[in-house]
Each structure stands twice: as structure tokens, then as C-alpha cells.
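The structure appears right after this line, and notes come after that.
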Amino acid sequence: MDFIDSQKKIMVIFGTRPEAIKLAPVIHELKTVFKTVVVSTSQHLDLLKPVLNLFEIEVDHELKVMTKNQTPHRVCARSLEKLDKIITAEKPDLILVQGDTTTTLSGALAGFYHRIPVGHIEAGLRSGNIYSPFPEEMNRQLVSKIATYHFAATKGNRDNLLAEGIPTERVFVTGNPIVDALKSFLEKLSPSEKILSLIKETEGKKRVLLTTHRRESFGETMRQNLIVLRDFVAKHKNLCLIFPVHLNPKVKDLTCEVLSGQERVYLLEPLNYGDFIFLMKSSWLIVSDSGGVQEEAPSLGKPVLILRDTTERPEAIQAGVAKLVGGSPQKLKQMLETNYSVETWIKSVKEVANPFGDGRASKRILKILLDEVFQSKKSRASS
Ligand code: UDP
């Protein structure tokens, strides 16, 4: 009998595109059993909306915290204040947050202030440098302190948590639900007309797909990286560069300055998930500082140069799919040229068993909530 479970109320809080992509499969699972309250801080409103439409997620509370030129301080303060009211009104039994954004931190902290247990999905990632990624590495460390239940994607993530003294019975290795989301899309990929015509226009070219938006690369590092990529593509006529440009003005302005009007450089608006996955699949090489892209690449068998000095996702490197560029544009230049002249690595990257998950993470999380967190097994046995 599921009577006891279905009375429980779970509040899911997110605010950015990757959180929504990763939480969408979890929300759909939760809704089969629990009262599920979906809260969006809208930390990145414009990037979030298309994901919610695509994954058919209805938001119960929209906090509209986003402001022009927002800072982590502002997002955190505004989210905390607004979450206080929502949590007071909804009185959830559990709060679920995902990842490492400022929304993740404020969602966990708001839960703690209300003495409501918090579950953290994608727990245990560590770069070892609190300033890289910034402020995400500190966000995730703080959320690990606050959370009661830790849903780790990999055994390595679990080990990181255990090394910090988190009790083993509170840590569950579930896989990352991004693989659930990705698998569901790979089954029904239907790219838009716009993307199909881009693919046609670039037929026969080696496509370099770029995403870059990390705060710690803003400024000179990002400018130099873009210059290196521009010159690389200009030098080799059989290359093209495709860049769905992040909406952050710090990325947009630099991109316009360095890349606009260049031959064989395609600057796009942020893409819907299906189109982006299709482009990943159609690319020769991906250059990215995104966490999610590192997690998706193994399932797509695509090589990624990680535009960062550290990664908290060493599994992608161990799987042979990704290489760390480091923070240096010179190193990027050298790695691009080396892998262009000798394609051994690029050609060797094949689809592998995804180290971040098998596509069943959201089902596992639901089962853990039922069997361990709300202990319905016991309730069922005694009912
Ligand atoms: N993504 C997307 N459209 C784009 C670029 C990326 O849907 O134009 C997806 C990508 O497949 C991945 C996620 O967004 O699932 C990554 O988000 P982002 O790079 O913003 O954040 P991060 O992963 O670095 O936290």
C-alpha cells in the first residue's frame, strides 16, 4: 500500500538550464508517487524556459530572482528570501537540489533554516580548488555539509564524500540523471530545420563545436581562447566553428568582438536540448568548459577538449573521451594543432559505457526515497 508515501511532499528547487535538464527525469519519477512541488528561482530565466517546455515540467512557484548583471550574492540573497516564504507555505517533508549553482546552495540553506532534510543530487564532485569552478566548487562543498541524503553519480564522487566524513549510510551511488535525459532524447532526435540546414551548409567540413560560459574564464582568458579558435579555423579551410553563445553579456560581447563576421564561424543563439545533442553528434571535436557536456560526451562517442585548469569529472578523462586543456590559450592552440595534424586520439574516441550513469538514475533515486528515506518498505511490511 502506497498510502504513506503519497502523503509525503517533496519540493524540488532549481534555477539554471543544466539543473532543469538533470532534474526533469527525477521530477517525472517523483510525480508517480509523491506530492511534488516544483520551484524555479529562474537564476537563468531565458535559458531555462525552453528546457521546461521541452521536458514538460510545470513550475509551481516561479521566484523570478534574475536581475541584470546579477552576482552570486544577489542571486543567493533574493533566492533565500523568496524560498523562505514558499517553504513556510508548502511545508515539504524533503527538499531536493541538484549540482552546484547558487540556487543549489540557497535551496539547501533555506531547507536547513526550516529544519527540513535536504537531498543533494550530483553530490561529491570536487575539483580541489575552491576558486575553480567559481563559485560552484564552494557551493557543492557547502551543500554537502547541509544535506542529509547524498545522491552521488559515481563511486569516485561517493569516495570524496566519505573522505569528508559524510556517513556512508547517507550516500547513495545512483548515476547522474543527465544520462537519463540524454537517452530519452537520443531515442527521438529530430533536429530543427535551422540545424539541418547548418549541417547541410557545413557538409564535408570538420565541425568544431564550442561552448564556454564559466565565470573563471571571463575576460582575458576567454578572449585569448576565442582568438586561438578563430585563427585555427581561419588557417585550416576544411574546419568550421559552431558556437551556441551563452546569453551572459560577458560572453556575448567578447564573442561579437572576436568572432563575428569570420568565415566558417557560425554564432548561434543557445540551442534547444535536442538540437544541441544533434550538433554534438555531428561534430568532429567539442571544445567546452561545460560540466554537462563532459557527462554527455561518453554516450555520444565525441572527443572533448575541456577548457579549464581542473575538472571534477575525471571519469570523462579516464574514459578516454576528454582531455584537459588547462587555463592556458597557448596550450589550447597546441592541442588543437596537434590533434588536427595527427588525428589518432580524435578517431579513437568511440561511444563507451557512460561512467556517469546508465540512464536509470532517476528510478534509483525514487526507490531510495521510498525504501530508505521515507522507509515505506517498513511501513508496507507492517501495514
Ligand atoms: N546545452 C543545451 N543547449 C546549448 C548548450 C548546452 O541544451 O546551446 C545543454 C548541454 O547539452 C548540457 C547542458 O546544457 O546538458 C550544459 O549546460 P551549461 O553548459 O549551461 O552548464 P554546466 O553543464 O557547465 O553546468
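The values are calculated or read from the model by the stated rules, or taken from the named source; none is laboratory data. None of these values were measured; they are calculated from a predicted model. Quick reminder, even Gly has a Cβ in these numbers, built from the backbone with ideal geometry, and neighbours come from all protein chains shown. Accessible surface is based on the protein model in full, side chains and every heavy atom, while ligands, DNA and RNA are left aside. Shrake-Rupley method; radii C 1.70, N 1.55, O 1.52, S 1.80 Å.
How would you order 342-348, 265-271 from highest to lowest mean count of nearby Cβ atoms within 10 Å?
Per-residue mean Cβ counts within 10 Å order the peptides as 265-271, 342-348.
Can you give me the relative contact order of the chain as a percent, contacts being Cα pairs under 8 Å and 6 or more apart?
The normalised contact order for the chain reaches 16 percent.
Could you order peptides 138-144, 86-92, 104-110 by the average number of other Cβ atoms within 10 Å of their residues, highest first?
Averaged packing, sorted descending, gives the order 104-110, 138-144, 86-92.
Any of Lys205/Lys333; Lys206/Lys347; Lys206/Lys331; Lys35/Lys145; Lys188/Lys252 with alpha carbons more than 23 Å apart? Name them for me.
Lys35/Lys145; Lys188/Lys252, as the Cα separations exceed 23 Å there.
For the cross-link pairs Lys155/Lys350; Lys281/Lys302; Lys22/Lys183; Lys183/Lys363, which exceed 19 Å when the distance is taken from alpha carbon to alpha carbon?
Lys155/Lys350
Enter the angle in degrees (range 0 to 90, nearest 10) between the Cα long axis of helix 17-30 and the first principal axis of the Cα atoms of the chain, meaning the one along which they spread out most.
40 degrees
Mind jotting down a quarter of the surface of the convex hull over the alpha carbons of the chain, in square nanometres, one decimal?
Computing the convex hull of the Cα atoms and averaging its projections yields 18.3 nm².
Give the accessible area for Ser192 in Å² (nearest 10); use a 1.4 Å probe, count only protein heavy atoms, and leave out ligands, DNA and RNA.
Rounded to the nearest 10, that gives 40 Å².
Determine the per residue accessible area of the stretch 194-303 with all protein chains present and a 1.4 angstrom probe, expressed in square angstrom.
38 Å²
Which trypsin sites (Lys or Arg not before Pro) does the stretch 1-82 hold that lie in a coil by DSSP with at most 12 other beta carbons within 10 Å?
Lys64, Lys68
Among the chymotrypsin sites (Phe, Trp or Tyr not before Pro) in the stretch 99-133, which ones are in a DSSP loop with at most 13 other Cβ atoms within 10 Å of the Cβ? Mind listing them?
Taking the stretch 99-133 and a limit of 13 other Cβ atoms within 10 Å, the loop chymotrypsin sites (Phe, Trp or Tyr not before Pro) found are Tyr131.
So, counting K/R as plus one and D/E as minus one, what does the shell of residues with Cβ under 11 Å around Ser217 add up to?
Cβ neighbours under 11 Å give a net charge of +1.
Any idea of Lys250's accessible area? Nearest 10 Å², probe 1.4 Å.
120 Å²
Using a cut-off of 12 Å between alpha-carbon atoms, which aspartates and glutamates can reach Lys237, once sequence neighbours fewer than 8 places away in the same chain are excluded?
Glu263
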